[in-house]
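The values are calculated or read from the model by the stated rules, or taken from the named source; none is laboratory data. Not measured: the values here are computed from a predicted model. Every residue, glycine among them, receives a Cβ derived from its backbone with ideal geometry; neighbour counts consider all protein chains shown. Calculation scope for accessible area: heavy atoms of the full protein, side chains included, ligands and nucleic acids excluded. Shrake-Rupley method; radii C 1.70, N 1.55, O 1.52, S 1.80 Å.
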Amino acid sequence: MAGYRRFRAPTTDGGMLADPGWDEQLKLLAENRRSRAASQVRWSGVATAELALSARRQVFAKAAAAAGPAGGFDAETPLVVSGHQPELFHPGVLIKNLALDRLAKRAGGVGVHLVIDSDLCRSTSIVAPRGPAERPTHESLVYDTVGVATPYEERRIGDEECLRAFPATVERALAGLIDSPLVTGVWPAVGQAVNGPGHLATVLSAARRALQADWLDRTIELPLSAVCDTDGFRAFAAELLVRCEEVREAYNAALADYRVAHRLRTPAQPLPDLAQDGGGRVETPFWVWSNASVERRPLLAERRHQGVILSDGAGWSADVSANDAIARLGELRHTGVKIRSRALATTLFCRWLLADLFLHGIGGAKYDQVTDAWSQRLLGAAPPPHATLSATLRLPIARPTADVSTPAELRRRLRTLAYHPERFVERDQAGERTLGWLDRKWRAITLAKTPENAAERHREIVAANAALRSAVEPIRAAAEASLSAAGEREHADRMIGSRENSFVLFPRDWLVERLVAMVPIG
């Protein structure tokens, strides 16, 4: 897979992936600032460096409006940026938030965490282990009602009682496994957030922010929706919308190259192509919905003279002239229309126009190799490089340490007992009948095989194996018992030792101590 890198989650408990290393990330931040200043790429006629300054000013203004003044920061302040859906994710994702803050402080800048609220809220639960450590099960723990999948930006709390009772739900599930999971300590912040606008994304983020206070976090946090409602983002969007046909061609070509390199046959991997209908409309890398209908749809565009006609494929449409596209997109927003970037467009904007260093997890790092190729084809240059961070932390639950072989080893042992039982027979302890069958099998397997004797030779070996199995039955029974024990232990490891367990299940001090130790910059 020439030109593509592999990123794998650490397999060991406490394992960390930082690519490049910490010192190199700080150097990369400085290099990205220099390369942006020299970039010849233009967006809606505006140079990258100029639009980046404008976009950053607007982001700081949004942050000040949302959470009070972002004191001491301006458009020249170094920015480290990351983002994720507002979920109760695993600690391997949470490590980005700590690194975001520490890298920014070391660079004399600030971290910006984008809450990706344009994604659909598909689940309102987490999975947790339950039961004895020797034979645990998985249980789905619900924190809100399940509803129609809508963007997090629009998803309101459905059941406040269920949400407020969530810590007790977690404690019941973890009884005997984890004492005082951190959900009990951070959930009061959720209760306070419930009294606000009532968005699920806000309350889930409040739980994470309460934990981040433990490492004196000063990260600016903004929903992606707020960033998409800035003129800096609209200048970026206008460039892609006016060039919609070129954008689609470059986007799909980059995906095609990725699929060939990775031998992917499914057209939806790693992402679906941008489609084109028979009427000349092409799918763009944006979503659209409105206050009137929160059903998220692909934003379609059709080139017309000096502009484009935008539509959602369900009746809504709007003319956008290339000469005043930024203002026109702003007007549409005032009428309740919401245009939001999809995954690759989000990181394209962040890496070109917002971040001096963008932090990806493993999944984002994989798909953003498509972004690099797309940008190269469309703009003649790839966006400034990003860093990749992830970690593996498993719940600190003591599990049985019985000295058993792996299931694979034991299955091989049982197969050998079935087809080569003579290897387990002690001749000096064997009876006369067993010794007779050992000799018969030896004669059969040492007899040179010919077409004439093949069938008889095979029958003799099968008969000897059947007779000898009774002699090794205790060994076989012990191996079966060991296989069962090993299977139970493997199952317990999957249930308890999953790296996907939510951060709210961990003990608070234990988790923070390990996260801080894994990011050796301050």
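A few comments on the model shown:
- Of all DSSP beta bridges in the chain, antiparallel share, percent nearest 5: 70
- Here the sum of -39500 (n - 2.57) over DSSP H runs of 4 or more residues, divided by the residues of the chain, equals -15000 deg cm²/dmol at 222 nm, to the nearest 500.
- Among the listed values [x] 32.9; [y] 30.8; [z] 46.8, the one matching mean projected area of the Cα convex hull in nm² as calculated from this structure is [x].
- Using a Förster distance of 51 Å, the FRET efficiency for GLU50-ASP13 (Cβ separation, nearest 0.05): 0.60
- Whole-number percent relative contact order across the chain, with pairs defined as alpha carbons under 8 Å at least 6 apart: 23
- Hypothetical label at ARG122: residues of the stretch 266-292 whose amide nitrogen lies under 20 Å (7 Å Cα-Cβ projection): 266-275, 285-289
- Additional length obtainable on full extension of the chain from GLU134 to ARG440, 0.36 nm per residue less Cα span: 105.6 nm
- Two-site FRET efficiency, ALA318 against ARG42, from Cβ-Cβ distance with R₀ of 22 Å, rounded to 0.05: 0.35
- For the residue pairs LYS62/LYS366; LYS62/LYS105; LYS62/LYS338, alpha carbon separations beyond 28 Å are given by LYS62/LYS366.
- Trypsin sites (Lys or Arg not before Pro) lying in DSSP loop within the stretch 421-522, provided at most 11 other Cβ fall within 10 Å: LYS449
- Shape of the stretch 373-515, Cα gyration tensor, a/c cut at 1.5: oblate
- Extending 7 Å from Cα along the Cβ direction at VAL294 and again at ALA168 yields two label points whose distance is 2.8 nm.
- Centre separation in Å (Cα based) which lies between the stretch 445-522 and the stretch 299-324: 60
- Vicinal HN-Hα couplings computed from phi for the stretch 41-54 (Karplus, 6.51 cos²θ - 1.76 cosθ + 1.60; Hz; Gly/Pro x): 5, 10, 10, 6, x, 9, 5, 3, 4, 5, 5, 4, 4, 5
- Table column - 3J(HN,Hα) (Hz), the stretch 105-113, Karplus curve with 6.51, -1.76, 1.60, x for Gly and Pro: 4, 4, 7, x, x, 9, x, 10, 9
- Amide proton proximity set for GLN269, modelled H, under 5 Å, gap of 5+: none
- With R₀ fixed at 56 Å, the C-beta to C-beta distance from ASP23 to ARG433 puts the FRET efficiency at about 0.15.
- Label separation (HIS262 vs VAL425): 5.4 nm, computed from points 7 Å beyond Cα along the C-beta direction.
- Normalised per residue, the volume of the convex hull around the Cα set of the stretch 310-400 (Å³): 204
- Residue by residue, the stretch 276-291 carries 3J(HN,Hα) couplings of 9, 9, x, x, x, 7, 10, 6, 10, x, 9, 9, 9, 7, 8, 4 Hz when phi is fed to the Karplus relation 6.51 cos²θ - 1.76 cosθ + 1.60 (θ = phi - 60°); x denotes Gly or Pro.
- Tensor-based shape of the stretch 219-272 (alpha-carbon gyration tensor, a/c under 1.5 rounded, otherwise prolate or oblate): oblate
- Expressed as a whole percent, the accessible area of the stretch 429-495 that falls on carbon and sulfur atoms is 57 (1.4 Å probe).
- For the chain, accessible area per residue (1.4 Å probe, heavy atoms of protein chains only), Å²: 46
- Residues listed by number, the stretch 448-467, amide nitrogen under 13 Å from ALA418 label point at 7 Å toward C-beta: 466
- Percent carbon-and-sulfur accessible area, the stretch 200-318, ignoring ligands, DNA and RNA, probe 1.4 Å: 48
- ARG5 versus ASP179: modelled label distance in nm, points set 7 Å from Cα along the beta carbon direction: 4.3
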